[in-house]
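Heads up, the thing below is written out as structure tokens.
The values are calculated or read from the model by the stated rules, or taken from the named source; none is laboratory data. Note that the structure is predicted; figures quoted are calculated from it, not measured. All Cβ positions, even for glycine, are placed from backbone atoms using ideal geometry, and neighbour counts span all protein chains on display. The protein model used for the area step is the full one, side chains on, heavy atoms only, and it has no ligands, DNA or RNA in it. Shrake-Rupley method; radii C 1.70, N 1.55, O 1.52, S 1.80 Å.
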Amino acid sequence: MEFTADNKKKFDTLLTRYPTKKAAILPTLWLVQGQYGFISDEAMEYVGKLLDLSPVHVLSVVTFYTMFNRKPVGKHHIQVCRTLSCAMMGADSLVDHLKTKLKINEGETTRDGKFSLCTVECLASCGTAPAIMINEAYHENLTPAKLDKILAELA
Amino acid sequence: MTDNKDNLVLTTRFGLEKSYTADVYQKTGGYKSIDKLFSMKPDDVIEEVKKSGLRGRGGAGFAAGLKWSFIPKNVDKPKYLCVNADESEPGTFKDRYLLEDDPHQLIEGIIICCYAIGAESAYVYIRGEFDLAYRRIEEAVQEAYQKGYLGKNLFGKNYKLDVTVHRGAGAYICGEETALLSSLEGNKGQPRIKPPFPAVVGLFGCPTIINNVETISALPYILNNGADAYKKFGTEKSPGTKLFSVSGHVNKPGVYELPLGYPMKDLINKVCGGMKDGKALKAVIPGGTSMPILTAKDCETVTLDYESMTAHQTMLGSGGVIVMNEDVDMVWVLRNLSRFYAHESCGQCTPCREGTGWIDKMLVRILREGGEEKDIALLNELSDNMMGKTICVLADSLSMPVISFIKKFPDDFRRHLKNRPQAVRVGI
């Protein structure tokens, strides 16, 4: 793997923002995930070489944080908040609804590769619960009916 | 929001069109404190903040000015400011609004703090999920550079400051200040033993101040209007205003700025429009889920300030208020929290790594199959063995709810005991 010319440029700028190369690991991994959608073993070796870090250090960082995908996810990555305020306002029924509708379990992707489903901890959207994230976007104050509408638009 | 706009320190621009741009910020009094700032000595700025009584709004409530004064003076090392924007405490969503609606207020606060502590570099560590907030603060920083408010010779003065927005990647623990530093340095986000405190040995081994978004955002007001004006809000020991994130069973959940000392019952019944569907109030988590719980009776008397919360054996924390109605099963609530803390434990300390998971498994079993009297004793014992025995307070953050839930809602636990004729079973 290799960064696109644009990402290479972004990476070079990144290095100017920190006194050590190592500190640039999270933004560098974000660039990788932006380019490929996930972070492969090969990518971890590449990042290690760029930042003078061992591949195992990169692995330890990638696996510590929940937002880095180690395998490809669907085109629309649905992440349902399951923490207290969302749970009280019906997050479980959203998960059940999604499982039935998409015919997948948590941690799985639909066969056509369109949707992945998982639950996540507090999204800091407690006042507009229940909330979910689809890729980068928040969807708030959800009901199964509202969710159907969103899914229809994405399908 | 509160009705009286004069009452507001932090949220005056919330709701204005394009409130996040430098243009609107300046038209509404933004960056006004800078001239005054550079006419003051750094130590005088620290004194003014000390005098204002501003306390850290991230959760611990430590006096901000005092924290700054711990930065050693004659050290030949760079100094850093890290703004903690890793808002992840369940029930808390105020910093997200400050970042989305008024990022320039934060930047002005960063300039003030960096000038006071002698830092030429600041990092805003923002949680990975905050996409819109990230774009807003990143754009605001770029805008500030273009206008010469950041970078070399900012505002034409002989002073330079770089601000970098650093995006986390999903780990609650990175909101703990030393974990934030580990993460920012390029490691797993695992907390470090204190001392040394970050003010002495912090980011990259240099003196570092870590303050919450809300704390830094209050600085422009304090500098513009003076410590005395700020102290007019709030109580003697808890001066100023604070943002409260209200969620759960109320009619109008949301972020509200209130003077400290405001009654909890008025927050629920007046500001938030009362309980949803006319149900009765059962319990309130006052300051994010790590804090001990309050009963409906406690809420009659407790006020939103540090001292009243202490008197009610809890803490103001982050101001994340979660309101629960009479239908809520407190064992179910506690299990939701135990799952969270077990998931978010960084794994470094055995009491936390094993204890949070153990408590979670016990609560699942009690809910599914029914529990025994000795389970309740064991939950208390486990919590006691986790409290204060780890590097950071994540273990305490589950222990305190466990102990307080059992103490204040014993009947909810008894309902799940096997020897009861109608023991409740919950499919989770």
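A few comments on the model shown:
- Top-ranked residue in the stretch A:73-101 [being free of Cβ contacts under 8 Å to residues at least 40 places away in the same chain and away from chain B (no Cβ under 14 Å); ranked as farthest from residue B:89 (Cα to Cα)]: A:100
- Count - residues of the stretch A:34-48 that are open to solvent by 20 Å² or more (accessible area, probe 1.4 Å), assigned to a helix (DSSP H, G or I) and of a type in the set (Gly, Ala, Ser): 1
- Residue B:130 vs. criteria free of Cβ contacts under 8 Å to residues at least 60 places away in the same chain and closer than 21 Å to residue A:81 by Cβ: yes
- Restricting the stretch A:102-124 to residues that are away from chain B (no Cβ under 12 Å), among the acidic types (Asp, Glu) and part of a loop (DSSP other than H, G, I, E, B) leaves a set whose member that is most open to solvent (accessible area, probe 1.4 Å) is A:112.
- Checking each residue of the stretch A:73-80 against the condition of being exposed (fewer than 14 other Cβ atoms within 10 Å of the Cβ), out of contact with any helix residue (DSSP H, G or I) (no Cβ under 8 Å at 6 or more places or on another chain) and modelled with pLDDT of 95 or more gives no match.
- Enumeration of residues in the stretch B:320-331 that are buried (at least 18 other Cβ atoms within 10 Å of the Cβ) and either away from chain A (no Cβ under 12 Å) or part of a helix (DSSP H, G or I) (or both): B:330, B:331
- For the stretch B:235-256, a residue qualifies if it is surrounded by fewer than 22 Cβ atoms within 10 Å (Cβ to Cβ) and away from every other protein chain (no Cβ under 14 Å), and the qualifying residues are B:235, B:236, B:237.
- From the list A:51, A:31, the lone residue that is touching a residue at least 24 places away in the same chain (Cβ under 8 Å), facing another protein chain (nearest Cβ under 9 Å) and crowded, with 16+ Cβ neighbours inside 10 Å is A:51.
- Complete set of residues in the stretch B:379-398 that are in contact (Cβ under 8 Å) with a residue 40 or more places away in the chain, in a helix (DSSP H, G or I) and among the hydroxyl-bearing types (Ser, Thr, Tyr): B:397
- Among the numbered conditions (1) in contact with an Asp or Glu (Cβ under 9 Å, 6 or more places away or on another chain); (2) open to solvent by less than 10 Å² (accessible area, probe 1.4 Å); (3) within 27 Å of residue A:60 (Cα to Cα), the only one that residue B:204 does not meet is (2).
- When residue A:43 is tested against (1) in contact (Cβ under 8 Å) with a residue 24 or more places away in the chain; (2) more than 30 Å from residue B:329 (Cα to Cα); (3) aliphatic (A, V, I, L, M); (4) within 14 Å of chain B (Cβ to nearest Cβ), exactly one condition is not met: (4).
- First in the stretch A:6-26 and more than 9 Å from every other protein chain (Cβ to nearest Cβ), second anywhere and basic (Lys, Arg) and open to solvent by 80 Å² or more (accessible area, probe 1.4 Å), Cβ under 8 Å, 6 or more apart: A:15/A:21
- Among the residues of the stretch B:361-378, none qualifies, meaning not one is within 14 Å of chain A (Cβ to nearest Cβ) and either assigned to a loop (DSSP other than H, G, I, E, B) or under 26 Å from the mean Cα position of the chain (by Cα) (or both).
- Residues that are open to solvent by less than 10 Å² (accessible area, probe 1.4 Å), out of contact with any strand residue (DSSP E or B) (no Cβ under 7 Å at 6 or more places or on another chain) and of a type in the set (Ser, Thr, Tyr) within the stretch B:208-224 comprise B:215, B:217, listed in sequence order.
- Boolean, residue B:288 is of a type in the set (Gly, Ala, Ser), within 14 Å of chain A (Cβ to nearest Cβ), surrounded by fewer than 17 Cβ atoms within 10 Å (Cβ to Cβ) and closer than 29 Å to residue A:120 by Cβ: no
- Of the residues making up the stretch A:53-80, those that are assigned to a loop (DSSP other than H, G, I, E, B) and closer than 30 Å to residue A:99 by Cβ are A:65, A:66, A:67, A:68, A:69, A:70, A:71, A:72, A:73, A:74, A:75.
- Residues in the stretch B:400-428 that are without any contact (Cβ under 8 Å) to a residue 40 or more places away in the chain and surrounded by 14 or more Cβ atoms within 10 Å (Cβ to Cβ) were compared, and the one that is farthest from residue B:341 (Cα to Cα) is B:414.
- Checking residue B:193 against (1) in contact with a strand residue (DSSP E or B) (Cβ under 9 Å, 6 or more places away or on another chain); (2) surrounded by fewer than 20 Cβ atoms within 10 Å (Cβ to Cβ); (3) of a type in the set (Val, Ile, Thr), the condition it does not meet: (1)
- Candidate set: the stretch B:63-84, residues that are modelled with pLDDT of 95 or more and over 30 Å from residue B:236 (Cβ atoms); chosen: the one least open to solvent (accessible area, probe 1.4 Å): B:82
- Tally, over the stretch B:19-57, of residues that are crowded, with 16+ Cβ neighbours inside 10 Å and assigned to a loop (DSSP other than H, G, I, E, B): 10
- Residue B:345 being touching a Cys at 6+ places or on another chain (Cβ under 6 Å), under 27 Å from residue B:174 (Cα atoms), more than 11 Å from every other protein chain (Cβ to nearest Cβ) and in contact (Cβ under 8 Å) with a residue 12 or more places away in the chain: yes
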